[in-house]
Amino acid sequence: MFEWKDAGRISVLLLVSSLILIPLAATVLGGFKTSGELRVSPFGIPDQWHMEFYGEIFADANFWRYLWNSLVISLLTVFLTVLMGAMAAYAFAQVRFFGSEFLFSYMLLGLMFPFAAAIMPLFLTVRDLGLLDTPWGVVLPQVAFGLAFSIMFFRTFFSQMPAELFEAARVDGCGYIKFFFLFTLPLSTPILATIATFVFVQSWNNYLLPLIMLNDRAGYTWTLGAMDYRGEYTAEWNRTLAFVSATLAPAVVFFLAAQKYIVAGLTGGAVKG
Amino acid sequence: MVTTTDYATQATLKPNVFRRMWTDGQLKMLLIFLPPALLVFTVFVILPMLQAGFFAPYKWSGYGPAPWVLNEDTGREFGRWVGSQNFERMWGHSAFQQAFENTLLVIAVSLLIQLPIALFLALLIYQNSRINTIFRLVFFLPYIMAEVATGLIFSFVLDGNYGLSKWFSDLMGYETAFFPLAEKPWAFYSILAVIVWKYFGFHMMIYIAGLQSISKELIEAARIDGASAIQRAFFIQIPLLWPAITISIFYSVLGGLQVFDLVMPMTAGGPSNSSHTLVSYLYNFGFVRLNVGFGSAVGVFLFAVGVVFALVYRNTVQRGQ
């Protein structure tokens, strides 16, 4: 049974895994150590498990507000990107009208943009619309940049749907708009979930846009909060590590729950099963 | 049966053929479904990019609606026309040259180190088995973590007083601790290493999907003919994986142009502006200093590099895919 080839393969894989997991483990464990112990043994198991650093974070109203702000921004972004993207893709897939190819290519321009290039005028646009320091100042640009990706995926998916379904529904008096909400959307759950997951993760992790659009602490997302916390406790890594771990936990849980859809999105294919 | 139904529908619809054009809702649907996406995309993506082009030849703090608008209070325009001066200043700025060089280095490392690692690991674990699935999840984990969180974790790991680099300094018996993030070439090398750490799993997943779509019979036939695993990889799997590789090269380059979130927690561009990327340079010298014209000029440059690459790539390497 034993083969040297397999042993080599497994040891390479274990080595790479440890390069990934050790820093993560050190982060989670670091939150349980005092600053002094962290200096002596950065990667070891804590001698004594100090709960106070995590405790302080969980008791901090700011921490929960940061998470709440991130959640609101992410959910709004997901909702709008999916809805607007699906609607536009449906129009492109269902009707060939004059200029439809042109408009579709126009939307796809968003795919080859280095998004940060227009950040200064974008800031001014958001300012002039009075959206600075509101969730919308982050949400709308995120939606705009996510649309190209979502329209492309949705259109491919919609145009693969059997046309007979639409014909049948039409005969029964179902209009275009009704058909979209009654049939197209419910039948596209897999692709919907994939796009929603991607958009959510991107928005949840975003740093540049909140950094530029949000000045008021009350509206900070958790990424801004984490940087702030680091600045506040420069000499105490254990606190920053506890903070980072506390924010990583929901991300990891979400990832494990949604990994099927993430993988499907990467491979550009539909989800099976 | 079929004909009867057809007659039936036609009979009911025919008198209303003109009215139907309005009432069948096609036009209504288009008018409701398209404008939201078009509007948001135009206002928040296309217009800002065009504006960047218009703002680039001005010196402007961002005060007022546009640099060329007359300020009633002072009797002059809000901004000052400086022509190509912003571009010249940018081009001659040593921090910009360093940032551009760093960005090219990110792309080079992504293509020459990260992608081969990802491909190698994909070949090791593309077959479906429980243990491979676990490894895939572990390797993919860094990709879904926020850049900010990753950056903070590694600034701890590389902190000379605490993590890996303290351990290394102790091991080597250095008198003073080694702080890689505060030493000139090492600061950016550290960022490069973290980029590989964070993104190789993403490319590996693309390759795994590609490898799984290659027919098993083909690989089996080669194996029976006596091709070794390495030969199968180089002569069958990698050539057939080429479409997936071109996609991952595209993502590497476009992603490499936009590295920012990792730089801020790790070095914030320091020491002495040696670890900036194009975007962190833009942020620091455009946004932070409220220099809209200059920031726009950097943005135009970034845009030009991205679009030229995308167009050339689509029409050469990805042609016909």
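Please count how many residues of the range A:103-120 are among the aliphatic types (A, V, I, L, M), crowded, with 18+ Cβ neighbours inside 10 Å and touching a residue at least 24 places away in the same chain (Cβ under 8 Å).
Going through the range A:103-120 one residue at a time, the tally reaches 3.
For the range B:33-71, name all the residues that are part of a helix (DSSP H, G or I) and aliphatic (A, V, I, L, M).
Of the range B:33-71, the ones part of a helix (DSSP H, G or I) are B:33-55.
Within the range B:33-71, B:Leu34, B:Ala37, B:Leu38, B:Leu39, B:Val40, B:Val43, B:Val45, B:Ile46, B:Leu47, B:Met49, B:Leu50, B:Ala52 meet the criteria.
Of all residues in the range B:271-283, which are touching a residue at least 40 places away in the same chain (Cβ under 8 Å) and either farther than 20 Å from B:Ile107 by Cα or in a helix (DSSP H, G or I) (or both)?
As a first pass, look at the range B:271-283 and keep what is touching a residue at least 40 places away in the same chain (Cβ under 8 Å): B:271-278, B:280-281.
Passing the criteria: B:Pro271, B:Ser272, B:Leu278, B:Ser280, B:Tyr281.
Please find, among A:Ala196, A:Ala218, the residue that is over 14 Å from the mean Cα position of the chain (by Cα) and either hydrophobic (A, V, I, L, M, F, W, C) or within 14 Å of chain B (Cβ to nearest Cβ) (or both).
A:Ala218 is the lone residue from the list that is over 14 Å from the mean Cα position of the chain (by Cα) and either hydrophobic (A, V, I, L, M, F, W, C) or within 14 Å of chain B (Cβ to nearest Cβ) (or both).
Let's see how each residue does on (1) modelled with pLDDT of 90 or more; (2) touching a Leu at 6+ places or on another chain (Cβ under 7 Å); (3) surrounded by 24 or more Cβ atoms within 10 Å (Cβ to Cβ):
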{"residue": "A:Trp68", "(1), (2), (3)": "yes, no, no"}
{"residue": "A:Gly85", "(1), (2), (3)": "yes, yes, yes"}
{"residue": "A:Phe98", "(1), (2), (3)": "no, no, no"}
{"residue": "A:Gln142", "(1), (2), (3)": "yes, yes, yes"}
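Quickly run through the range A:91-139 and pick out the residues that are at the interface with chain B (Cβ under 9 Å from one of its Cβ atoms) and among the acidic types (Asp, Glu).
Of everything in the range A:91-139, just one residue is at the interface with chain B (Cβ under 9 Å from one of its Cβ atoms) and among the acidic types (Asp, Glu), namely A:Asp128.
Anything in the range B:110-147 that is out of contact with any helix residue (DSSP H, G or I) (no Cβ under 7 Å at 6 or more places or on another chain), facing chain A (nearest Cβ under 9 Å) and either farther than 22 Å from A:Leu24 by Cβ or not in a helix (DSSP H, G or I) (or both)? List them, or say none.
Listed by number, the list holds a single entry, B:Phe120.
Give B:Val292, B:Val298, B:Val196 a once-over and let me know the one that is crowded, with 23+ Cβ neighbours inside 10 Å and modelled with pLDDT of 95 or more. Full working, then the answer.
On the way: B:Val292 fails: modelled with pLDDT of 95 or more; B:Val196 fails: crowded, with 23+ Cβ neighbours inside 10 Å.
Result of the check over B:Val292, B:Val298, B:Val196: B:Val298.
From the list B:Ala108, B:Ala52, B:Ala66, B:Ala95, which residue is surrounded by 20 or more Cβ atoms within 10 Å (Cβ to Cβ) and among the hydrophobic types (A, V, I, L, M, F, W, C)?
B:Ala52
The values are calculated or read from the model by the stated rules, or taken from the named source; none is laboratory data. On a predicted model such as this, the values are computed, not experimentally measured, just so you know. In this analysis, Cβ positions are derived from the backbone assuming ideal geometry, glycine residues included, and neighbour counts consider all displayed protein chains.
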